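Heads up, the thing below is written out as structure tokens.
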Amino acid sequence: MRNLKKNSKKLWYSNYSGRVPIVDENGDETGDYICGYASPVAFLATLSASRGNAYADMFGTNLSYTRTIATVEKLPIKEESLIWVSEPVMNADGTVDEESAEYTVAGIADGLNGIVVALKARAKNA
């Protein structure tokens, strides 16, 4: 597999790093946790055209939306990783805002000369 530079786009990924305890206004742990993600890392990859479908059913609109990225870089992307097409938003404390990610990784096909990653669109708050 080869990537043409003119077809490559700058993307970012962030791997899951574990549970982070939620603290209250006094700095005490509440006993609840949120997902923690590492700092986003930029990489170059070819992003496929959008494909998928949307349909209405009894409980609302279902959206099945998938894209793929292909790269010759050896990346430590995992199935729970987040992907950004536009630059990631950082919180005031220096952590990444995972709500700003456009995609989650749905599957990884690793080959000798590169990887192809299937992406699933994330639901955004409207």
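Taking trypsin sites (Lys or Arg not before Pro) across the stretch 76-126, the ones in a DSSP loop with at most 13 further Cβ atoms lying within 10 angstrom of their Cβ are K78, K124. Counting Lys and Arg as +1 and Asp and Glu as -1, what is the net charge of the other residues whose Cβ lies under 9 Å from the Cβ of L82? Value of the local net charge: -2.
For K6, a cut-off of 25 angstrom between C-alpha atoms picks up these lysines, skipping any fewer than 8 places away in its own chain: K74, K120. Taking 12 Å as the straight-line reach from the Cα of K78, the aspartates and glutamates in range (excluding those fewer than 8 positions away in the same chain) are D110. So which aspartates and glutamates pass the test for K5, namely a Cα distance under 17 Å, with those fewer than 8 places away in the same chain ruled out? Counting by Cα, and skipping residues close in sequence, K5 has these aspartates and glutamates nearby: E73.
Given a 1.4 Å probe and the protein chains as shown, Y103 ends up with an accessible area of around 20 Å².
Local charge for G36 was computed over the other residues whose Cβ lies under 10 Å away, with Lys and Arg +1 and Asp and Glu -1, and equals 0. Sorted largest first by accessible area at a 1.4 angstrom probe radius, with every protein chain in place, the residues D110, D28 fall in the order D110, D28. Other residues whose C-beta falls under 12 angstrom from the C-beta of L11 contribute a net charge of 0, scoring Lys and Arg +1 and Asp and Glu -1.
The values are calculated or read from the model by the stated rules, or taken from the named source; none is laboratory data. Quantities reported herein were computed from a predicted structural model and do not represent experimental measurements. Glycine also receives a Cβ, built like all others from the backbone with ideal geometry; neighbour counts cover every protein chain displayed. Accessible surface is based on the protein model in full, side chains and every heavy atom, while ligands, DNA and RNA are left aside. Shrake-Rupley method; radii C 1.70, N 1.55, O 1.52, S 1.80 Å.
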